[in-house]
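Please read the structure below before turning to the comments.
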Amino acid sequence: MKRRDILIASVTALAGTARAQIGNTPIRLLVGAPAGGSTDTIARTLAAGMGPVLGRTVIVENRPGAGGNIAAEVVAKAPPDGNTLLLSFTSHAINATLYPTLPFDPVKDFTALSCIATSPSILVAHPSVPADNVRELIALAKAKPGQLNFAIGALGSSLHMAGEAFKMQSGVYIVNIPYRGTAPAVQDVLAGQVQLMFAAVGNVQQHIKAGKLKALGVTSAKRLPEFPDLPAIAETLPGYESSAWFGLFGPARMPAETTRRLADAARQAIAEPAMRKRFDSEGVIAVGNTPEQFGPFVQSEIKRWAQVVKYSGARPE
């Protein structure tokens, strides 16, 4: 073999090795929330399901802070090779208005892959609150403006905005009591220190069944199978709906083939009965839509929540 042919063969072999290494490197799935919460649980469940489909390891990295913006910035600036992904949540849309400036564009700097799941919440009250449903609560709040309060797990969160949307649509004034996390907020409602709260189903369903909290309504458009006798808030406030969502993103400008492969892997993983069972146990509803569906949804969520954020007057912590 001539020297030139040997050189070409060597270069070709090295290129093939490089491609193999790129294809076999672990995928980083960044999460802008601490370990142990709903977003983290969903990310780890998704990673475990996508890995075997792709034939690669998917590693979850927690980068909490700034309502998910720290993790989002890392992904926005990552190479568009599909090796760095983001499992984000409703705050991705809320932050577009909540923060005066962002180090990325929440639409243009990302490739929307799939909405993984949604999580309705429940409006709960301490048993001492003299209201057994949403209609009675609105009447009570109007009779006593500023005398009722909401526990807020995190300013600017989807649960915070669920309360703001409720106040905006019902025309009531209920005071917000902010906390650094959902757990301490729930504890103070249980103790009667705060009267009301919007909380994820998984965080309060045991307390409701034990009679320690009173459920007044669910934020989904329709009643939930787990609580068939609990009305949707929309039955009293037509058009009201506020469900947290969790979505998979990649950096902008990912090749179409890479986008499709990752989106299909996510949808295939979500379709597995074991994953759906895990989601059900967390009070989470599996979705698994396409990039063509998820992209416009994110844009519509940014517009939708902008009105509520402006009404609330909320500012980043």
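The values are calculated or read from the model by the stated rules, or taken from the named source; none is laboratory data. Since this is a predicted model, take the numbers as computed values, not measurements. All Cβ positions, glycine included, derive from the backbone under ideal geometry; neighbour counts span all protein chains shown.
The residue pairs whose first member lies in segment 168-181 and is under 13 Å from Ala314 (Cα atoms), whose second member is of a type outside the set (Val, Ile, Thr) and assigned to a helix (DSSP H, G or I), and whose beta carbons are closer than 9 Å, counting only pairs six or more residues apart or on different chains, are Asn176/His160; Asn176/Gly163; Asn176/Glu164; Asn176/Ser312; Ile177/Ala185; Ile177/Asp188; Pro178/His160; Pro178/Ala185. The listed residues are Val194, Val186, and the only one of them that is in a helix (DSSP H, G or I) and crowded, with 22+ Cβ neighbours inside 10 Å turns out to be Val186. In this structure, Ile116 does not qualify as farther than 20 Å from Ser38 by Cβ, of a type in the set (Val, Ile, Thr) and not in a loop (DSSP other than H, G, I, E, B).
Among the residues in segment 175-182, are any assigned to a helix (DSSP H, G or I) and among the hydrophobic types (A, V, I, L, M, F, W, C)?
First, the residues of segment 175-182 that are assigned to a helix (DSSP H, G or I): 182.
Then keep just the ones that are among the hydrophobic types (A, V, I, L, M, F, W, C); that gives none.
So far as segment 175-182 goes, no, none of its residues is assigned to a helix (DSSP H, G or I) and among the hydrophobic types (A, V, I, L, M, F, W, C).
Taking (1) outside the structural domain of Met254 (by TED's automatic domain parsing); (2) surrounded by fewer than 21 Cβ atoms within 10 Å (Cβ to Cβ) in turn, Val124 satisfies each apart from (2). Within segment 293-306, residues that are in the same structural domain as His92 (by TED's automatic domain parsing) and free of Cβ contacts under 8 Å to residues at least 60 places away in the same chain reach no partner that is among the hydroxyl-bearing types (Ser, Thr, Tyr) and surrounded by 15 or more Cβ atoms within 10 Å (Cβ to Cβ) with beta carbons closer than 6 Å at six or more positions or on different chains.
Candidates in segment 198-214 are the residues that are over 10 Å from Glu282 (Cα atoms) and crowded, with 22+ Cβ neighbours inside 10 Å; of these, the one that is farthest from the chain's Cα centre (by Cα) is Leu213. Residues that are in contact (Cβ under 8 Å) with a residue 12 or more places away in the chain, farther than 17 Å from Gly171 by Cβ and either of a type in the set (S, T, N, Q) or in a loop (DSSP other than H, G, I, E, B) (or both) within segment 223-240 comprise Leu224, Glu226, Phe227, Leu230, Pro231, listed in sequence order. Look at (1) under 20 Å from Arg304 (Cα atoms); (2) of a type in the set (Gly, Ala, Ser); (3) part of a loop (DSSP other than H, G, I, E, B) and you find that Ala162 fails only one, number (3).
Any residue at all in segment 131-146 that's within 26 Å of Leu98 (Cα to Cα) and in contact (Cβ under 8 Å) with a residue 60 or more places away in the chain? Checked segment 131-146: no residue is within 26 Å of Leu98 (Cα to Cα) and in contact (Cβ under 8 Å) with a residue 60 or more places away in the chain. When Thr118 is tested against the conditions (1) surrounded by fewer than 22 Cβ atoms within 10 Å (Cβ to Cβ); (2) under 18 Å from Leu237 (Cα atoms); (3) of a type in the set (Ser, Thr, Tyr), the lone failure is (2).
Where in segment 1-101 are there helices (runs of 4 or more DSSP H), lying fully within it, with 1 or more residues that are at pLDDT 90 or above and closer than 20 Å to Ala112 by Cβ? Steps first, please.
Details: elements: 3-24, 38-54, 69-76, 91-98.
Correct list: 38-54, 69-76, 91-98.
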